[in-house]
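Have a look at the structure below before the remarks.
The values are calculated or read from the model by the stated rules, or taken from the named source; none is laboratory data. Keep in mind that what you see is a predicted model, and the values were worked out from it rather than measured. A quick note on method: Cβ atoms are made from the backbone with ideal geometry, for glycine too, and the neighbour counts reach across all protein chains shown. We work out accessible area using only protein heavy atoms, side chains counted, and drop any ligands, DNA or RNA first. Shrake-Rupley method; radii C 1.70, N 1.55, O 1.52, S 1.80 Å.
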Amino acid sequence: MDLWNLLAQPFIEFGFMRRALAGALALAFAAGPLGVFLVLRRLSLMGDAMAHAILPGVAVGFLTAGLSMTAMTLGGLVTGVAVAVLAGLVSRMTPLREDASFAAFYLVSLGLGVLLVSLKGTNMDLIHVLFGTVLGLGDAALILVTVVSSVTLLSLAALLRVLAVECLDPGFLRAEGRAGAWAHIGFLLLLVLNLVAGFQVLGTLMVVGIMMLPATAARFWARPVGAQMVLAAALGALASYAGLLVSYHADVPASPAIILAAGVIHFISVAFGPHGGVLLALREARARRARLLQSMKEGSQ
């Protein structure tokens, strides 16, 4: 009974906990698979850059309409798409690589967004934008996250083959036509949509954590891309559930608790994962050393 109260009672007794769990799960189910493709394309920091790129648009929406979800969502969507397009153009028209271009826009966007929110809002408003309000999700925010998650999963199912080929051999798609370019644009749009929807849940600073930490952890447990996507979604869901429980029982902020739970899962995977984990690498190193010593003994005899 005590275990049941510990693990389930907060979600049974309190509606805001159920809504927080529903929103966090919906975000995790879509963000994890997106993170897998960012990892495969070696663009892990792009998610962080894009998360901060939406901040000026969110700030403009806040300045014009207050804490209006519609205004802040539209503002974040516009600036996120604009930064993605501009960073891509800069990387293609100049020698600057795409990751460096995104980094430049990310730094400018972060500074501009914080400045704009600070012009009109209080410190509490800034905290809500940066760290989210997962324990205070309204109907509109919950519907937005659920719809975006559904659209993302359906789109990834349709683009899975093209995105996988682009990660492994982008030159092949360029030689075959424009499929790679359209897939890249579609992927960036999905990324922006999830970051815009996710800032309602975890904030612009934290949302990328539920995208990247489960995705990097999944690589230590599975090799096929499809398996990594499913596992990343599952690990993100587990981190969301565990983080909300810790937040409730320990009376700590929910968004950081969710990301720290994802971080614990990540480090456990780094240590114990069967595909490149630290313990496995140590065992293989000891086995190689033993074989080398054995061969040296046999050679000396």
Spin-label point model (7 Å from Cα, Cβ direction): what's the residue 223 to residue 18 distance in nm?
-> 4.4
With label points set 7 Å from each Cα along the Cα-to-Cβ direction at residue 161 and residue 42, the distance between them in nm comes to 2.7
Taking every eigenvalue of the Cα gyration tensor of segment 248-301, multiplying by 5 and rooting it, what semi-axes result, largest first, whole Å?
-> 45, 8, 5
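Give the accessible surface of the chain per residue, rounded to a whole number of Å², with probe radius 1.4 Å and ligands, DNA and RNA excluded.
Values: 14930 Å² over 301 residues.
Counting only protein heavy atoms, the per-residue value for the chain is 50 Å².
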When the chain is treated as a Gaussian network with springs between alpha carbons less than 10 Å apart, the largest mean-square fluctuation among 107, 119, 144 is found at 119
Can you check how the C-alpha radius of gyration of segment 209-301 compares to 2.2 N^0.38 Å, as a plain ratio?
-> 1.54
Once label points are set 7 Å from the Cα along Cα→Cβ at both residue 119 and residue 9, what is their separation, rounded to one decimal in nm?
-> 4.9
Round to a whole angstrom and tell me the spacing of the C-alpha centers of segment 202-228 and segment 47-116.
-> 22
Projected-area average for the chain over all orientations - Cα convex hull basis, square nanometres | 21.1
Relative to the longest principal axis of the chain, what angle (0 to 90°, nearest 10) does the C-alpha long axis of helix 278-300 take?
-> 10
Using alpha-carbon pairs under 8 Å, 6+ residues apart, how would you state the relative contact order of the chain in percent?
-> 25
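Expressed as a whole percent, how much of the Cα-Cα distance distribution for segment 1-95 exceeds 17 Å? The partial results should precede the final answer.
Values: 3070 of 4465 pairs.
More than 17 Å apart: 69 percent of the Cα pairs in segment 1-95.
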What's the angle, to the nearest 10 degrees (0 to 90), between helix 98-120's Cα axis and the longest principal axis of the chain?
-> 30
In degrees from 0 to 90, rounded to the nearest 10, what is the angle of the helix 69-93 Cα long axis to the longest principal axis of the chain?
-> 50
Rounded to the nearest 0.05, FRET efficiency between residue 86 and residue 270 (Cβ-Cβ, R0 51 Å) equals 0.90
